[in-house]
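Notes follow once the structure below has been shown.
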There are 2 protein chains.
Amino acid sequence: MSEQAPEAMRWSTENCTISRTMQVLGDKWTFHVLRELFVGVRRFEDIRARSGIPRQVLTERLAALIERGLLRRHPYRLPGQRERYEYRLTQAGLDLYPVLVAIIQWGDQYLPLDGGPPIIPEHRDCGERVSVVLRCEAGHEPDARQVAIRPGPTAKPRALAG
Amino acid sequence: MSEQAPEAMRWSTENCTISRTMQVLGDKWTFHVLRELFVGVRRFEDIRARSGIPRQVLTERLAALIERGLLRRHPYRLPGQRERYEYRLTQAGLDLYPVLVAIIQWGDQYLPLDGGPPIIPEHRDCGERVSVVLRCEAGHEPDARQVAIRPGPTAKPRALAG
DNA sequence: TTGGCTGAGTCTGTCAAGCGGACTTATCCT
DNA sequence: AGGATAAGTCCGCTTGACAGACTCAGCCAA
C-alpha cells in the first residue's frame with residue numbers, strides 16, 4: 001500500500017446502508033428487545049423484567065420499533081384481567097434473524113463461557129444448531145478476507161474528496 | 001397464567017450471549033467505525049471525516065475496540081511526516097463480517113434506495129455479490145420461522161421465576 | 001531557530017438521554 | 001368498596017454526547 005488514500009475515501013457515507021440501518025437498530029437496548037421477542041417473550045413487564053431496560057426507555061423503544069415496522073401490537077387478555085397488548089415481530093422483524101444469529105455466533109466464538117453457550121439457535125424441524133454462512137451468488141462460500149465492500153449504483157462521491 | 005408463560009421466562013438473561021456481545025458492539029457508533037475499517041479506511045481523521053463521529057467519542061470507541069481485541073494499532077508514516085498510527089481489524093474484528101453483511105442485507109431489503117444499494121459486499125475472486133444464509137448442521141437452510149432459540153448448557157434459571 | 005503545517009488527539013461547557021424509584025391508570029375480582 | 005395487576009408516566013439526578021476551541025509532537029522550509 002504505497003500511500004494512496006483508500007478507494008473508499010472517494011465515496012460519501014451519507015446514504016450508506018449501514019448508517020441507515022443503524023438508525024433503526026443502533027441503540028444500546030434495541031437488540032435486547034429483539035432478543036426477547038425472538039425467544040418468545042412478548043409482554044411489556046416480561047421484557048422489562050428479563051432485560052432490565054428502564055420502563056421509560058422500553059416504552060420509547062417499542063414505539064420506535066413499531067413505527068419502523070419491526071413490531072406490531074397485538075391484543076391479548078388474561079383470564080380475569082382487562083385486555084392488554086403484547087408485541088410481536090413483523091416479517092421485517094423476523095428477517096433480522098440472520099443478524100441475531102451472526103451476533104450469537106460471534107459471541108460464542110470470542111466471548112465464550114466455560115461450559116458452552118447459554119442460548120443456541122436451532123432448526124425446529126431437525127433440532128440441529130443453526131449458524132450463518134457467507135455465500136456469493138456463484139455459490140462460493142468465501143471467508144471474511146475474500147469479501148470486499150464495493151460502491152453500488154447509488155454510491156455518492158464525497159463533496160470534499162481527499 | 002393459564003396462557004402459560006413462554007418457556008424463555010424460566011431462564012435468566014444475565015449471561016446471555018447477545019447481552020455479552022452487545023457490551024462490545026452495542027453502541028450507536030461502533031458499527032460506523034467497523035464499517036470504515038471494513039471498507040479500508042483506517043486513520044483517525046479519515047474515519048472521523050467520513051463517519052461524523054465526534055473526536056472524543058471516536059477516541060474512546062477506538063480504545064474500547066482495541067481493548068476488546070477487535071482492532072490493533074499499526075504504525076505508518078507519510079513521506080515528510082512523523083510516524084502515526086492507523087487502526088486495523090484483528091481476526092476477531094474480521095469475523096464480524098457476517099454481522100455486517102447481514103445488516104447490509106436487511107437494510108437493502110427494508111430500507112431500499114431508489115436506484116439500488118450504495119454499497120455491495122462482493123466476493124473478491126469472482127466478483128459476485130455476497131450474502132448470508134442461515135444453515136443448520138444437517139445442511140438445511142431454514143428460514144427465520146423455522147429457527148428457535150433454545151437454552152444451552154450454561155442457561156441459568158431465573159431467580160424470581162414467573 | 002523559528003515558525004508553520006498536519007494528524008491525532010484533549011479540554012470545556014452545554015444539552016439530551018439514561019436511570020431508579022415513586023406515582024398513575026384502567027380494569028377485573030372478591 | 002378494596003385490592004390486585006400490567007402497563008405505563010413523572011421526577012430529579014447523573015452520565016454521555018456534542019461542537020468547537022485548544023494542544024502536542026515531529027517534520028519541513030526559510
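Going through the range A:117-135 one residue at a time, which ones are assigned to a loop (DSSP other than H, G, I, E, B) and at the interface with chain B (Cβ under 7 Å from one of its Cβ atoms)? So that I can check it myself, show each step before the final result.
As a first pass, look at the range A:117-135 and keep what is assigned to a loop (DSSP other than H, G, I, E, B): A:117-118, A:124-128.
Correct list: A:PRO117, A:PRO118, A:ARG124, A:ASP125, A:CYS126, A:GLU128.
Restricting to the range A:136-145, what's the tally of residues that are out of contact with any strand residue (DSSP E or B) (no Cβ under 6 Å at 6 or more places or on another chain) and more than 7 Å from chain B (Cβ to nearest Cβ)? Counting residues in the range A:136-145 that are out of contact with any strand residue (DSSP E or B) (no Cβ under 6 Å at 6 or more places or on another chain) and more than 7 Å from chain B (Cβ to nearest Cβ) gives 2.
Those residues that are over 18 Å from the mean Cα position of the chain (by Cα) and within 20 Å of A:VAL133 (Cβ to Cβ), I need them from the range B:110-124; list them, please.
If the condition is that a residue be over 18 Å from the mean Cα position of the chain (by Cα) and within 20 Å of A:VAL133 (Cβ to Cβ), then B:HIS123, B:ARG124 are the ones that fit.
Just one of the numbered conditions (1) touching a helix residue (DSSP H, G or I) at 6+ places or on another chain (Cβ under 6 Å); (2) aliphatic (A, V, I, L, M); (3) within 10 Å of chain B (Cβ to nearest Cβ) is not true of A:LEU78: (1). Look at the range A:66-84: where a residue is under 28 Å from B:TRP106 (Cα atoms) and a partner is more than 10 Å from DNA strand D (Cβ to nearest atom) and among the basic types (Lys, Arg), sitting 6+ places away or on another chain with Cβ atoms under 9 Å, you get A:ILE66/A:ARG72; A:LEU71/A:ARG88; A:ARG72/A:ARG88; A:ARG73/A:ARG88; A:HIS74/A:ARG88. Apart from one condition, A:ALA102 fits all of (1) more than 9 Å from chain B (Cβ to nearest Cβ); (2) outside any loop (DSSP other than H, G, I, E, B); (3) of a type outside the set (Lys, Arg); the exception is (1). Of all residues in the range B:136-162, which are crowded, with 16+ Cβ neighbours inside 10 Å and in a helix (DSSP H, G or I)? Matches in the range B:136-162: B:ALA144, B:GLN146.
For every residue, the table says whether it meets (1) among the basic types (Lys, Arg); (2) surrounded by 18 or more Cβ atoms within 10 Å (Cβ to Cβ); (3) more than 25 Å from B:GLU7 (Cα to Cα); (4) touching an Asp or Glu at 6+ places or on another chain (Cβ under 8 Å).
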| residue | (1), (2), (3), (4) |
| --- | --- |
| A:GLU14 | no, no, yes, no |
| A:THR17 | no, yes, yes, yes |
| A:MET22 | no, yes, yes, no |
| A:VAL41 | no, yes, no, no |
| A:ARG50 | yes, yes, no, yes |
| A:LEU58 | no, yes, no, no |
| A:ILE66 | no, no, no, no |
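Taking the range B:1-40, which residues are of a type in the set (Val, Ile, Thr) and closer than 14 Å to B:ILE53 by Cα?
B:THR30, B:VAL33
Computed from the coordinates by the stated procedures, all read-outs in this text should not be read as laboratory data. Because the structure is a prediction, the values reported are computed rather than measured. Cβ atoms come from the backbone with ideal geometry, glycine included; neighbour counts cover every protein chain shown.
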